[in-house]
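Peer 1: Got a structure for you, written out below as structure tokens; questions coming shortly.
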Amino acid sequence: MPWTTPGTRKSSKLFTRGAGATPANVAFPSAPLPYPDGWFCVGFGHEIDAGGILTRRLTGEDVVLARGASGVLRALRPHCPHLGAHLGVMGTVYGEEIVCGFHRFAFDLDGPCLRTSYGQPPPRATLDTLPVRETGGLVLVWRSRDGSPPTWEPPTIASAGRQIPRGKTYEVACHPQQTTENVVDFGHLEHLHRATLARTPNVSFEGRVCSGDFEVTRTLPRLGQVSAKYTFRVYGLGLTVLDCDLSTGVAARFFALSTPVDPWLTHFRVAATATVEPIGKLPTALAKPVSAVAARLVRDVFYVVHATGSAMDLPVWHYQKYQRAPRLAPGDGPIGRYRKWAEQFYSAPPVDRIDVGPDRRGERLREGR
Ligand code: FES
Ligand SMILES: [Fe+2]
């Protein structure tokens, strides 16, 4: 298994605090949770221009992203149906087609083989495509255990007037259920992130979405004590959106994106965007560029603060044992309710869905308050 995928960071010192410790994917070689189904981020839209090709990994397989001249983005399974060349390596996009460089068979980006280089009728061959969506600057690909089509849609995330997401990707020995659980693990905010909750957060679990809001105070270098109110929405186990209204007309957003790439190996992306409404007093010709510069500045500061905070979780996840029956205590967040909600994203029964009996379940997954 490759340790670090190109474009991802194992991180410099973030994981070395546990020097001598064994990463979780080595310590627990049979993954205690299977891959979840759902929408997972494989990159940002701005990473792939018209005519571009990019290979990313999702649940043990490569996914080839190809963008046609019209801007349409397609996600393809990687191997050419002719003799199996990797299209992420050998493919070239022309207009709305992809041509495999091994024998120059041309395929419509929607799949069908259009022609060969032999001047003969093309074979009845089709590229395998995967459902892909672009929203909020993210590229999301649908994954299900049996290859069945999406049973739900990702949210439409408005990106008009926002800066493109600034982000980075870490490769961590963990599972998306753990990284996403972090959102409702309010007990660690004070101790790991040095952020004090102003009140008990609101959390609800409805259908595919877990949402809520909370307010924290933290001390930042040079800025001193800062309070911020957040709303969060979690869509499945791959996509968490955290919104913060900083002041009138100034809004920032943070994404935490967990993508299972191999058993117990996750690409964890963090990214931020922001928007600043044009200042009415300025002449129109000036207002837009000034608000764009301001939005970039807000995005970058918001990104640095929150990416630094998120990075504190990395050494936890990288060495963490997945506790099937955690001994929860009063003061923990709604971990038990979260795990119950998360069960819907497995079309294979998770190994941890153990029958502990109706009266013992509450005891073993009791939520603290
Ligand atoms: S392997 Fe792709 S055209 Fe032959
Ligand atoms: Fe955290």
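The values are calculated or read from the model by the stated rules, or taken from the named source; none is laboratory data. Since the model is a prediction, treat every value here as computed from it, not as a measurement. Here the Cβ is made from the backbone with ideal geometry for all residues, glycine too, and neighbour counts use every protein chain on show.
Peer 1: Any residue at all in region 25-39 that is part of a strand (DSSP E or B) and farther than 23 Å from residue 323 by Cβ?
Peer 2: yes
Peer 1: Check region 76-89 and report whether any residue there is out of contact with any strand residue (DSSP E or B) (no Cβ under 6 Å at 6 or more places or on another chain) and closer than 23 Å to residue 269 by Cα.
Peer 2: Yes, some residue in region 76-89 is out of contact with any strand residue (DSSP E or B) (no Cβ under 6 Å at 6 or more places or on another chain) and closer than 23 Å to residue 269 by Cα.
Peer 1: Further question: Going by what's in this entry, would residue 322 be described as closer than 15 Å to residue 180 by Cβ, more than 16 Å from ligand 1 (Cβ to nearest atom) and within 18 Å of the chain's Cα centre (by Cα)?
Peer 2: Spelling it out, it is not the case that residue 322 is closer than 15 Å to residue 180 by Cβ, more than 16 Å from ligand 1 (Cβ to nearest atom) and within 18 Å of the chain's Cα centre (by Cα).
Peer 1: Show me the strands (runs of 3 or more DSSP E) entirely contained within region 163-223 in which 1 or more residues are farther than 17 Å from residue 307 by Cα and of a type outside the set (Gly, Ala, Ser).
Peer 2: Strands (runs of 3 or more DSSP E) meeting the threshold: 195-197, 202-206, 209-220.
Peer 1: Out of region 220-238, which residues are closer than 30 Å to residue 346 by Cα and either without any contact (Cβ under 8 Å) to a residue 12 or more places away in the chain or in contact with a Leu (Cβ under 6 Å, 6 or more places away or on another chain) (or both)?
Peer 2: 230, 232 - these are the residues of region 220-238 that are closer than 30 Å to residue 346 by Cα and either without any contact (Cβ under 8 Å) to a residue 12 or more places away in the chain or in contact with a Leu (Cβ under 6 Å, 6 or more places away or on another chain) (or both).
Peer 1: Sticking with this structure for a sec: Return the pairs, sorted by first residue and then second, in which the second residue is among the basic types (Lys, Arg) and more than 10 Å from ligand 2 (Cβ to nearest atom), the first residue lies in region 298-320 and is assigned by TED's automatic domain parsing to the domain that holds residue 254 and over 21 Å from residue 273 (Cα atoms), the beta carbons are less than 7 Å apart, and the residues are 6+ apart or on different chains.
Peer 2: Pairs found: 315/17.
Peer 1: How many residues are over 16 Å from residue 157 (Cα atoms) and in a strand (DSSP E or B) if we restrict to region 271-282?
Peer 2: Final tally of qualifying residues: 1.
Peer 1: Please determine, by comparing only the residues of region 276-289 that are modelled with pLDDT under 90 and surrounded by 15 or more Cβ atoms within 10 Å (Cβ to Cβ), which one is farthest from ligand 1 (Cβ to nearest atom).
Peer 2: 287
Peer 1: Show the residue pairs that are 6+ apart or on different chains and have beta-carbon atoms under 7 Å apart, the first residue being within region 75-90 and free of Cβ contacts under 8 Å to residues at least 40 places away in the same chain, the second being in a loop (DSSP other than H, G, I, E, B) and more than 9 Å from ligand 1 (Cβ to nearest atom).
Peer 2: Close Cβ pairs (under 7 Å, with a partner that is in a loop (DSSP other than H, G, I, E, B) and more than 9 Å from ligand 1 (Cβ to nearest atom)) amount to 86/78; 88/78.
Peer 1: Please tell me if residue 117 is within 26 Å of the chain's Cα centre (by Cα) and in a loop (DSSP other than H, G, I, E, B).
Peer 2: no
Peer 1: Regarding residue 84, is this residue in a helix (DSSP H, G or I), modelled with pLDDT of 95 or more and more than 16 Å from ligand 2 (Cβ to nearest atom)?
Peer 2: No, not satisfied.
Peer 1: State yes or no: is residue 147 at pLDDT below 95, within 17 Å of residue 58 (Cβ to Cβ) and away from ligand 1 (no atom under 16 Å from the Cβ)?
Peer 2: yes
Peer 1: Okay, moving on. Could you check how many residues of region 189-202 are within 15 Å of ligand 2 (Cβ to nearest atom) and in contact (Cβ under 8 Å) with a residue 12 or more places away in the chain?
Peer 2: Number satisfying all stated conditions: 8.
Peer 1: While we're looking at this one, here's another question. Here are some residues: 329, 295. Which one is at pLDDT 90 or above and loosely packed, with under 13 Cβ neighbours inside 10 Å?
Peer 2: Checking each option against the conditions leaves just 329.
Peer 1: Can we say residue 63 is surrounded by fewer than 20 Cβ atoms within 10 Å (Cβ to Cβ), within 26 Å of residue 255 (Cβ to Cβ) and not assigned by TED's automatic domain parsing to the domain that holds residue 234?
Peer 2: No, not satisfied.
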